[in-house]
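The values are calculated or read from the model by the stated rules, or taken from the named source; none is laboratory data. Quantities reported herein were computed from a predicted structural model and do not represent experimental measurements. So basically every Cβ, Gly included, is an ideal-geometry build from the backbone, and we count neighbours across all protein chains shown. Just so you know, the surface numbers come from the protein's heavy atoms only, side chains and all, with ligands and any DNA or RNA stripped out. Shrake-Rupley method; radii C 1.70, N 1.55, O 1.52, S 1.80 Å.
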Amino acid sequence: MVDAHYSNPDLAALYDVFNAWNCSPQDPFYLELVMAAGDALDVGCGTGKLHRIAREHGHRGRLVGLDPAGAMLNVGRAERADIEWTLGDLAGGPFEGEFDLVTMSGQAFQVFLTDEQTRANLAGARRALRSGGLLAFETRNPAARAWQRWTSEHEYRVRAPDGRRAWSVHTLESVEGDLVTFSTAYGIQGWADPGHSRSTLRFPEARTVNALLAGAGFEVQAQYGDWDRSPLTDTCPEIITLARAV
Ligand SMILES: C[S@@+](CC[C@H](N)C(=O)[O-])C[C@H]1O[C@@H](n2cnc3c(N)ncnc32)[C@H](O)[C@@H]1O
């Protein structure tokens, strides 16, 4: 089941307000990969900002956005018709040897909560890629403990393009093994009440990620600890992985 911040149309409509293009250095990092690829699949594409911007930059190949949240896809679809907006996930394996690049940006990889789910989705990514194709994704480094900042002191405030003020705040509920559960409240000027969502994300270590990749037919080509391509360290914020389909 998809979390409310993606399945609820009111919250999905707010996603781009909180995640405007270039609000994170992940955006130019992934855009460079998409622009260099012929045909690209974006898994957990959400509102599809990565492929929408790639089209704006003149990408001419096939661009497919895959997501199980129809409300998120509807936001993207309303912006551009020249992207294939596909409802679903990789575990169903709808694609066979069709892409040069598969991306999972915005920590979409962390929605896979067990080894079994991760294996099924990585197998789907491998099937979707042509031989030699690239899988690119990031997952937060568990050693950096990002969840310690998911408290009311770290309320996130932004202004929507129409000038309204919007805010979001996380409340940490539990940390059990590598699973972190939290809830998020969202508001924007004009709403009588905040919207709520509850999520669990997995924070796997790099060695777990790499073992799962090897088992699914991938060879790690590069791994970075941050968007400036610095190496993995004990405290780096991200585990950013580029893996080749072998
Ligand atoms: C944080 S958003 C990232 C959206 C986009 N990739 C970005 O960078 O802005 C995570 C997305 O993963 C999607 N998602 C949830 N479960 C999924 C699954 N099993 N397979 C693929 N995507 C999933 C959600 O619906 C949501 O759109």
Legend entry - Index of the failed condition, residue 198 passing every other in (1) part of a loop (DSSP other than H, G, I, E, B); (2) under 23 Å from residue 147 (Cβ atoms); (3) under 21 Å from the mean Cα position of the chain (by Cα): (1)
Legend entry - Yes/no for residue 79 being surrounded by fewer than 20 Cβ atoms within 10 Å (Cβ to Cβ), more than 12 Å from the ligand (Cβ to nearest atom), in contact (Cβ under 8 Å) with a residue 12 or more places away in the chain and within 19 Å of residue 33 (Cβ to Cβ): no
Legend entry - Members of the range 192-211 that are surrounded by fewer than 18 Cβ atoms within 10 Å (Cβ to Cβ), of a type outside the set (S, T, N, Q) and touching a residue at least 24 places away in the same chain (Cβ under 8 Å): 195, 196, 198, 205
Legend entry - Among (1) assigned by TED's automatic domain parsing to the domain that holds residue 41; (2) surrounded by fewer than 13 Cβ atoms within 10 Å (Cβ to Cβ); (3) under 27 Å from residue 29 (Cα atoms) - the single one residue 149 does not satisfy: (1)
Inset, instruction - Note down all Cβ pairs under 9 Å where the first residue falls in the range 98-115 and is of a type in the set (Phe, Trp, Tyr), the second is away from the ligand (no atom under 12 Å from the Cβ) and open to solvent by 20 Å² or more (accessible area, probe 1.4 Å), and they're at least six residues apart or on different chains. - result: 99/38; 99/39; 99/62; 99/130; 112/119
